[in-house]
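The values are calculated or read from the model by the stated rules, or taken from the named source; none is laboratory data. Bear in mind that the values here come from a model prediction, so they are computed numbers and not experimental data. Quick reminder, even Gly has a Cβ in these numbers, built from the backbone with ideal geometry, and neighbours come from all protein chains shown.
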Amino acid sequence: MNPSDPAFPVTYEDGMAEKFTVGLTKREYFAAIAMKGILSSHAMILPENRDKLAETACLYADAMIIELSK
């Protein structure tokens, strides 16, 4: 699994027959879901926890990608 692949790929063609895909990557999507769960603990909402929250969400996203790649 490539973490840079789009989670929900939508491919567009511009007028020059070039195709491009937009949207969140799988890693970004997994991190967002992890962050939502972490934020359900009100202790993490404090401003001083902001950097740790983002780091933790990305660690969970990376772990999910590794597990799904097996």
*Which of (1) surrounded by 15 or more Cβ atoms within 10 Å (Cβ to Cβ); (2) touching a residue at least 24 places away in the same chain (Cβ under 8 Å) does LEU53 not meet, given it meets every other one?*
(2)
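Okay, residues lined up against (1) in contact with a Gly (Cβ under 8 Å, 6 or more places away or on another chain); (2) in a helix (DSSP H, G or I); (3) modelled with pLDDT of 80 or more:
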site: MET16; (1), (2), (3): no, no, no
site: ALA31; (1), (2), (3): no, yes, yes
site: MET35; (1), (2), (3): no, yes, yes
site: ILE38; (1), (2), (3): no, yes, yes
site: LYS70; (1), (2), (3): no, no, yes
*How many residues are modelled with pLDDT of 75 or more and part of a loop (DSSP other than H, G, I, E, B) when one looks only at region 1-14?*
8
*Pair list, Cβ < 9 Å and 6+ apart or interchain, from region 12-24 residues that are among the polar types (S, T, N, Q) to residues that are modelled with pLDDT of 75 or more*: THR21/ASP5; THR21/PRO6; THR21/PRO9; THR21/VAL10; THR21/THR11; THR21/TYR12
*Could you run through region 58-70 and say how many residues are farther than 15 Å from ASP5 by Cβ and in contact with a Lys or Arg (Cβ under 9 Å, 6 or more places away or on another chain)?*
1
*Mind listing whichever residues of region 40-57 are small (Gly, Ala, Ser), farther than 29 Å from ASN2 by Cβ and not in a loop (DSSP other than H, G, I, E, B)?*
ALA43
